[in-house]
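The values are calculated or read from the model by the stated rules, or taken from the named source; none is laboratory data. Since the model is a prediction, treat every value here as computed from it, not as a measurement. Cβ atoms come from the backbone with ideal geometry, glycine included; neighbour counts cover every protein chain shown. We work out accessible area using only protein heavy atoms, side chains counted, and drop any ligands, DNA or RNA first. Shrake-Rupley method; radii C 1.70, N 1.55, O 1.52, S 1.80 Å.
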Amino acid sequence: MTADILREKFLVFFKAKKHKIVESDSLVPKDDPTVLFTPAGMNQFKKEFMGFDAGFKRAATAQRCLRTDDLEKVGKTSSHHTFFEMLGNFSFGDYFKEEAIAWAWEFLTRELHIDQGKLWVSVYQDDEEAYDIWKDKVGVPEKKIVKLGDKDNFWPAEAKAKGPNGPCGPCSEIFYDFGPNAGCGEKVCDPSCSCGRFVEIWNLVFTQFNRKADSSLEPLPNKNIDTGMGLERLAAVMQGKQNNFETELFQPIIKEIQRCIEIEVGPGEARKLLYAVSDHLRAVVFSIYDGIIPSNEGRGYIVRKIIRKSLLHLRSLGISKPFLNTLVGQLAQIMHLPYPDLKERQEDIAQVILNEEKNFIRALDSSSDLFKDKFSALSREQDAEKAGRIAFQLYDTYGIPLDLTKVWLNERGIQFSQGVFDQELLEQMTRSRLQSSMKGDVFDARGLGLNLKDTKFSGYNNDSIKAGIIEIIDSSKKNKALAQISVGMKAAIILDETPFYAESGGQVGDTGELVNGENVFKVLDTQKIGNVFLHIGEVNCGSFKKGDKVTAQINVARRANIAKNHTATHILQAALREVLGSHVQQQGSLVEEERFRFDFTHFKRLSNEEISRVEEVANSWVAKNQAVDCKEMAFKEAKKAGALAFFEEKYGESVRVVAIGDISKELCGGTHLDNLGKIGLIKIISESSVASGIRRIEGVTAGFAEQFIKDERQKAVEESERRNKLKELKEQEKKRSAEINNSLQDALPRIIGNAAEIKGIKFICSLETGLDMNALRTLADKLKENLNNGVVVLGSQDIQQKRAYLVIAITRNLLSRGLDAGALIHQVAPLIGGSGGGRQDFAQAGGTKPESFTLAIDKLRAIIKDSL
């Protein structure tokens, strides 16, 4: 029985049990800071588990998940994966243990016809209720019911002793027995043994307690069910395979790799590498599918790490060129039933992987240069601990294998500490495990303790409405209700109905006022928790209390500008797809009053021509003044109609579709114009890189675009004027230099004619007026050209500014006789109130005593005379 059939059977079975079938959530958890990736089916239902009414009490999913805490085990065991699908059924205060256990058993034994004799179960050691249900109502023999402790059969594991606080409870697991020949062979062997004979296929979690800060457990008023069954493990069991990698979910990928390698793959290390690559491909592809682009931080770092690990495995198998990207098509074919759009996006995803492969292979090929740079200091002074830390940095940041580093270090006799490397690796694994698993309280219950009804949003068609205050919350303590607020107090007011748009989907929240007679509450921002809208601000006048009736009035002009920018992002995406290709997909956005920002997939910088073309296409559509049509429809109907969806948004069964003629069709809950003409003008003001494969455009519309263009033109005028002035100054400087050069040339005969002799050498000395240091140097060079044997001493002074300049130049033939311009300048510079330096044949000095030049010249003359 294939995985596709099993997935479908599971969902159909629980639909018949009155469960709502919910689409798989993204691998990027929305509004959940406790995890990097979606690790389980229950994550998207956290609010429902805490009592939030989503309109259903039962749900079932086939959730795509990603976990990295067992990354090093992948491929080495039969059932560890990074990416996997989790089949789950959930109850939010509805049914409990008896139904959950009975239905799990029914699905496995009656729907899938698994031999009951092959199934064992485990229960928590103190959960007599579950034990009795299995024994007395389901009829599982006592010898096949195993009692286990906090580590194995309580969720979260060991939560009673170690936390976290929040909902928790015992669990019961169902195991498949592959038989005595499959494991350790011991007579006493049960699911508590890790020999491989027993594989856990389904975990039923009974969330019945709340762990408090003092470690005590109190019963929950509403008990919940959270189950999870790995599709890959179930498929292996149903296909009679002890190893998940031998199923149709992995085999086509593995066979394609085998086809391209030259070595024979037996049951040993090479096969483990094949398994690992086939797993990692799934993790990488679905991460990129969900908008996670490889980078150096957060989720992107994990994806980059998995890609690099795959490439090292492929190198070990004899494939040293980019190859992983070529397997994307195989995976798209395998997963075409649950993810038909993966095939449409396979080329874009493959391109992202190819870029990563090229970069990493380039780094590996140039590793010798990297080693020289990083270990340069250690070649002169040994430091084994530092070498260990650098080796880990190369492994962690660049993906350079430790073995490669150790060979290079050994060849150069550089000592290396394996212990330091191992410690750094352990700390990194701990950090990674903390990031990819739950932290803090199990559920983030912000705002839910108030048990508030959803706020009715009527802002698509209304700027102002009458509404009632149903709660006032202290802004600094979001779950503390206030009886009344007065002038100057800050708070968040919750209304039964509102025209204020709460920040979401990249669009900022509305501002405005809540008015009750003379009482005015200034709304500075609008946020939401679930579907409860928070009007955040302060009292400007009077006071407010729960139950007051108010007029809720948004800032209409601000909303209109935001709408222009939001509609512009839809037009921009359509123009980008028109100019660059259909691979362009939104990766994020920010829509504000004065500007917008739009992130999208593309693999290189946009040229000036492409930016101009995108602007041209977008504004040509604006000029057509087409109507913007917004309407509600079923999610599946919208997708079938070709509406684009943003990867980070979570959509319900009913969605809002914003359509602009045949130009654009997107799922969007934001506020928009009713026709394109109101945008006026779209102007792109910048284009940049956000991460590998993601570009960012910032832009403005309407009056802000016109002002930007006006400002840019003014800047261009000012820049032109500045350049003209610089050009004029340069021409004046050039003219002055020419005049000075001519005057210097004219001065040569006069200066040379006044030369004296000291012991047979020419001593040229002159005090010039109005020359700076550059002119003195030039004059000294010209005089030296007319001397074969002599010393040139030139000075210039500015009495008013109290500046003195002095240069000394000596012909080369006198250097061997002990004359040194640098030494001479050091001896006389103090006389002119300064200091100086230079070469043996030329030196210069500056000072603040121009009146002392005569003393300096006399001293020079005496020193030269004594030196010859």
Study note, to complete from the structure: Selection over region 1-37 where residues are of a type in the set (K, R) and part of a helix (DSSP H, G or I) yields a count of 3
Practice item. Could you pull out the residue among E158, E186, E173, E128 that is modelled with pLDDT of 95 or more and more than 22 Å from N89 (Cα to Cα)? Key: E128
**Study point:** Verdict on Q351 being closer than 29 Å to K30 by Cα, out of contact with any Phe, Trp or Tyr (no Cβ under 9 Å at 6 or more places or on another chain) and of a type outside the set (D, E)
**Key:** no
Revision key, fill the gap. Picking from V146, V138, the residue that is more than 44 Å from the chain's Cα centre (by Cα), among the β-branched types (V, I, T) and more than 28 Å from A16 (Cβ to Cβ) would be V146
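Answer with yes or no whether N410 is farther than 30 Å from D4 by Cβ, open to solvent by 50 Å² or more (accessible area, probe 1.4 Å) and touching a strand residue (DSSP E or B) at 6+ places or on another chain (Cβ under 9 Å).
No: the conditions fail for N410.
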Review point. Hey, among the residues in region 801-834 that are exposed (fewer than 15 other Cβ atoms within 10 Å of the Cβ) and closer than 19 Å to A775 by Cα, which one's modelled with the lowest pLDDT?
Key: Q801
Review point. Of everything in region 563-600 that's assigned to a strand (DSSP E or B) and aliphatic (A, V, I, L, M), which residue is farthest from T671 (Cα to Cα)?
Key: L590
**Study point:** Residues that are among the hydroxyl-bearing types (S, T, Y) and open to solvent by 40 Å² or more (accessible area, probe 1.4 Å), drawn from region 646-685
**Key:** Y651, S654
Check your understanding: Just checking, which of A59, A3, A16 is more than 32 Å from the chain's Cα centre (by Cα) and open to solvent by less than 10 Å² (accessible area, probe 1.4 Å)?
Key -> A3
Point to revise | Residue that is farthest from I174 (Cα to Cα), among those in region 93-109 that are outside any loop (DSSP other than H, G, I, E, B), open to solvent by 10 Å² or more (accessible area, probe 1.4 Å) and touching a strand residue (DSSP E or B) at 6+ places or on another chain (Cβ under 9 Å) | key: E99
Check your understanding: Out of (1) open to solvent by less than 10 Å² (accessible area, probe 1.4 Å); (2) in a strand (DSSP E or B); (3) among the hydrophobic types (A, V, I, L, M, F, W, C), the odd one out for A236 is which?
Key -> (2)
Practice item. Determine which member of the set L580, L606 is farther than 29 Å from N461 by Cβ, in contact (Cβ under 8 Å) with a residue 24 or more places away in the chain, touching a strand residue (DSSP E or B) at 6+ places or on another chain (Cβ under 6 Å) and of a type in the set (A, V, I, L, M, F, W, C). Key: L606
Review point. Is it true that some residue in region 423-446 is at pLDDT 80 or above and open to solvent by less than 60 Å² (accessible area, probe 1.4 Å)?
Key: yes
**Study point:** Search result, residues across region 807-826 that are of a type in the set (A, V, I, L, M, F, W, C), closer than 13 Å to G790 by Cα and touching a residue at least 24 places away in the same chain (Cβ under 8 Å)
**Key:** I808, A809, I810, L814, L815, L819
Study note, to complete from the structure: Taking region 35-64 and keeping only residues that are within 25 Å of I288 (Cβ to Cβ) and in contact with an Asp or Glu (Cβ under 7 Å, 6 or more places away or on another chain), one is left with T38, M42, N43, Q44, A62, Q63, R64
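For (1) closer than 27 Å to D454 by Cα; (2) in contact with a Phe, Trp or Tyr (Cβ under 9 Å, 6 or more places away or on another chain); (3) hydrophobic (A, V, I, L, M, F, W, C); (4) open to solvent by less than 10 Å² (accessible area, probe 1.4 Å), each residue gets a yes or a no:
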| residue | (1), (2), (3), (4) |
| --- | --- |
| V22 | yes, yes, yes, no |
| M42 | yes, yes, yes, yes |
| D70 | no, no, no, no |
| G75 | no, yes, no, yes |
Check your understanding: For region 776-800, how many residues are open to solvent by less than 80 Å² (accessible area, probe 1.4 Å), in contact with a Pro (Cβ under 9 Å, 6 or more places away or on another chain) and part of a loop (DSSP other than H, G, I, E, B)?
Key -> 0
Exercise for review: Considering only region 835-846, state which residues are crowded, with 21+ Cβ neighbours inside 10 Å and either of a type in the set (A, V, I, L, M, F, W, C) or over 60 Å from the mean Cα position of the chain (by Cα) (or both).
Suggested key: A843, A845
**Study point:** Long-range neighbours under 6 Å by Cβ, at least six apart or interchain, first residue under 15 Å from E99 (Cβ atoms) within region 133-145, second open to solvent by less than 30 Å² (accessible area, probe 1.4 Å) and outside any helix (DSSP H, G or I)
**Key:** W134/V121; W134/V140; W134/I145
